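Engineer: First, the structure itself, so that you have it in front of you.
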Amino acid sequence: MMEHGALRPVQDGEPVPLLTLQGVTVYYGRVRALQGLTLEVLPGEVVALLGGNGAGKSTTLRAVSGLVRPASGHIRFRGQELTRLDPAAIVRLGVAHCPEGRKLFPEMTVLENLELGAYVRAGRLDEDLRQIFDLFPVLRERRHQLAGSLSGGEQQMLAIGRALMVRPTLLLLDEPTMGLAPAMVVEVARAIRVLRARGTTVLLVEQNVQVALRLADRGYVLENGRVVVEGRAEALARDDRVRRAYLGG
Ligand SMILES: Nc1ncnc2c1ncn2[C@@H]1O[C@H](COP(=O)(O)OP(=O)(O)OP(=O)(O)O)[C@@H](O)[C@H]1O
Ligand SMILES: [Mg+2]
């Protein structure tokens with residue numbers, strides 16, 4: 001694996017967060033999508049971002065990956081300020097973003113889409129491809145097929161695979177199970193568990209709150225660009241507000 005520099009020494013027995021957002025505010029024109037958002041992700045965690053449509057979940061991921069620039073606040077990855085870096089520099093630090101809607105190149109093959117995922121680094125890709133094909137065997141079978149001809153679930157696997165070509169320390173996943181049949185949801189969830197077991201840290205946006213809270217260590221519920229509830233996944237699954245809003249009471 002690529003080295004991204006050593007972590008700061010741990011103080012007072014507290015784990016050093018891998019990612020910290022502190023008072024992050026983001027505008028789209030006059031729309032304030034994030035209003036002083038604060039959260040942290042510890043190394044090795046899967047953290048779920050929950051909340052209704054328009055709550056600011058995708059914007060949070062876009063702010064981390066440099067696709068939108070906060071008007072105020074700080075975003076630090078391994079202690080390094082990201083808010084002034086461009087997206088390519090952030091990818092090079094080991095942050096990969098698998099966006100909402102997958103954003104594949106439909107007229108290119110599976111293999112070409114995967115190779116593009118590695119655009120920020122040099123060197124051989126065989127070992128990365130092998131690992132991704134082991135994780136999603138269907139992609140190996142279809143490696144010469146056009147991405148646009150894959151099923152929805154296969155496209156989602158490809159989108160995750162392309163993000164993994166970055167060899168990310170932190171993987172940002174936006175709605176990976178959106179629109180998928182139950183069997184495909186299970187496949188994607190299995191892949192996230194494998195990645196977690198390999199030590200990849202995941203910030204996961206998921207509309208399927210049951211799936212999210214089964215996968216995640218902790219979660220944050222966003223409303224109007226702010227955190228309104230946070231806690232361990234088990235506690236969130238029992239929380240009345242979360243149950244009423246997302247789990248059908
Ligand atoms: N490109 C844009 N231009 C203008 N407003 C935007 C843009 N993208 C998002 N917004 C607004 O910012 C707010 C947060 O949007 P965001 O996409 O982050 O929400 P979300 O929680 O991901 O929602 P969803 O569950 O529907 O994907 C919403 O009010 C949305 O309308
Ligand atoms: Mg979204």
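The values are calculated or read from the model by the stated rules, or taken from the named source; none is laboratory data. These figures come from a predicted structure and were not determined experimentally. We place every Cβ from the backbone using ideal geometry, glycine too, and count neighbours over all the protein chains shown. All accessible areas refer to the heavy atoms of the entire protein, side chains included, with ligands and DNA or RNA removed. Shrake-Rupley method; radii C 1.70, N 1.55, O 1.52, S 1.80 Å.
Engineer: For the stretch 105-122, give me the residue count where each residue is open to solvent by less than 60 Å² (accessible area, probe 1.4 Å) and either at pLDDT below 95 or among the hydroxyl-bearing types (S, T, Y) (or both).
Structural biologist: Of the residues in the stretch 105-122, 5 are open to solvent by less than 60 Å² (accessible area, probe 1.4 Å) and either at pLDDT below 95 or among the hydroxyl-bearing types (S, T, Y) (or both).
Engineer: Can you list residue pairs whose Cβ atoms sit under 8 Å apart, with the first residue in the stretch 50-75 being farther than 20 Å from P17 by Cβ and away from ligand 1 (no atom under 12 Å from the Cβ) and the second being part of a loop (DSSP other than H, G, I, E, B) and not acidic (D, E)? Count only pairs 6 or more apart in sequence or on different chains.
Structural biologist: Qualifying pairs under 8 Å: R69/T83.
Conditions (1) over 28 Å from A122 (Cβ atoms); (2) surrounded by 15 or more Cβ atoms within 10 Å (Cβ to Cβ); (3) in contact with a Pro (Cβ under 9 Å, 6 or more places away or on another chain), marked per residue:
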site	(1), (2), (3)
P137	no, no, no
R142	no, yes, no
S149	yes, no, yes
G153	yes, yes, no
G161	no, yes, no
L164	no, yes, no
T169	no, yes, yes
G179	yes, no, no
V186	yes, no, no
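Engineer: For the stretch 205-229: of the residues being farther than 20 Å from I192 by Cβ and charged (D, E, K, R), which is nearest to ligand 1 (Cβ to nearest atom)?
Structural biologist: E223
Engineer: May I pose another question? Could you look through the stretch 11-69, keep only residues that are assigned to a strand (DSSP E or B), among the small types (G, A, S) and more than 13 Å from ligand 2 (Cβ to nearest atom), and pick out the one that is nearest to the chain's Cα centre (by Cα)?
Structural biologist: Let us first name the residues in the stretch 11-69 that are assigned to a strand (DSSP E or B), namely 19-28, 31-41, 46-50.
So of that shortlist, the ones also among the small types (G, A, S) come out as 23, 33, 36, 48.
From what's left, more than 13 Å from ligand 2 (Cβ to nearest atom): 23, 36, 48.
Numbers: G23: 20, G36: 20, A48: 9 Å.
Filtering first and then ranking leaves A48.
Engineer: Please verify whether L195 is within 16 Å of ligand 1 (Cβ to nearest atom) and either basic (K, R) or open to solvent by less than 10 Å² (accessible area, probe 1.4 Å) (or both), treating the condition exactly as stated. Full working, then the answer.
Structural biologist: Working: within 16 Å of ligand 1 (Cβ to nearest atom): no; either basic (K, R) or open to solvent by less than 10 Å² (accessible area, probe 1.4 Å) (or both): yes.
Against the criterion (within 16 Å of ligand 1 (Cβ to nearest atom) and either basic (K, R) or open to solvent by less than 10 Å² (accessible area, probe 1.4 Å) (or both)), L195 does not qualify.
Engineer: Examine the stretch 165-176 for a residue that is acidic (D, E), more than 16 Å from ligand 1 (Cβ to nearest atom) and in contact (Cβ under 8 Å) with a residue 60 or more places away in the chain, and state whether such a residue exists. Steps first, please.
Structural biologist: Narrowing the stretch 165-176 to residues acidic (D, E): 174-175.
So of that shortlist, the ones also more than 16 Å from ligand 1 (Cβ to nearest atom) come out as none.
No.
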